[in-house]
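In what follows, a single structure is set out as structure tokens and then discussed.
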Amino acid sequence: MRLSKDTWDQIKAGYAAGVGLREIARKMNVPEGTVLARAMREGWTQQIAAAKKAVVIPQSNAITPLQSIAAVMQERGERYRERVAGVSEKVIGHVESMHPDEILTRSSQFEKIDTIARRAFGLNEAASGQGALTLSVLTNHAIVQVKATVPTVPLPRE
């Protein structure tokens, strides 16, 4: 039985795709011995193995799922920070219009507003060289900040 070059190319392509030689022979009504002999004679198995090794998987520019989650969380944090900053700006205008005695009476509320504003505007971060360490950890949609400061030593009196 004489097969065309196209037929042999199809058989070889099927084998390269992972279909067994005997199965290909049965489906194409070609004697199994003919297909097995040609594959062995031409070294199809070695050719296919060499071709697979030569294929280099291109580096992907896609980000990992963890990077994607981090980017989304950062975007959400920035949007939240902007919203809180806007609210803080509105509130401070109201506080400024209050009488000083009323501000003192409501000092605990003012401290809460100040804390929120400082966090939103990043004013709690110490300048370098002040001996403060800020560690922020994301836990369940909240940021926990741990601060360690160097204790001040009183200067001796003259």
### Criterion (at pLDDT below 80, among the aliphatic types (A, V, I, L, M) and surrounded by 12 or more Cβ atoms within 10 Å (Cβ to Cβ)) met by exactly one of VAL55, VAL95
VAL95
### Query
All but one of (1) surrounded by 11 or more Cβ atoms within 10 Å (Cβ to Cβ); (2) without any contact (Cβ under 8 Å) to a residue 12 or more places away in the chain hold for THR34; which doesn't?
(2)
### Task
Need at least 2 residues that are hydroxyl-bearing (Ser, Thr, Tyr) and either under 30 Å from GLU111 (Cβ atoms) or under 43 Å from the mean Cα position of the chain (by Cα) (or both) per element, so show me which helices (runs of 4 or more DSSP H) inside segment 16-99 make the cut, counting only ones lying wholly within it.
65-96
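The values are calculated or read from the model by the stated rules, or taken from the named source; none is laboratory data. Source: prediction; values computed, not measured. Virtual Cβ from ideal backbone geometry, glycine too; neighbours counted across all protein chains shown.
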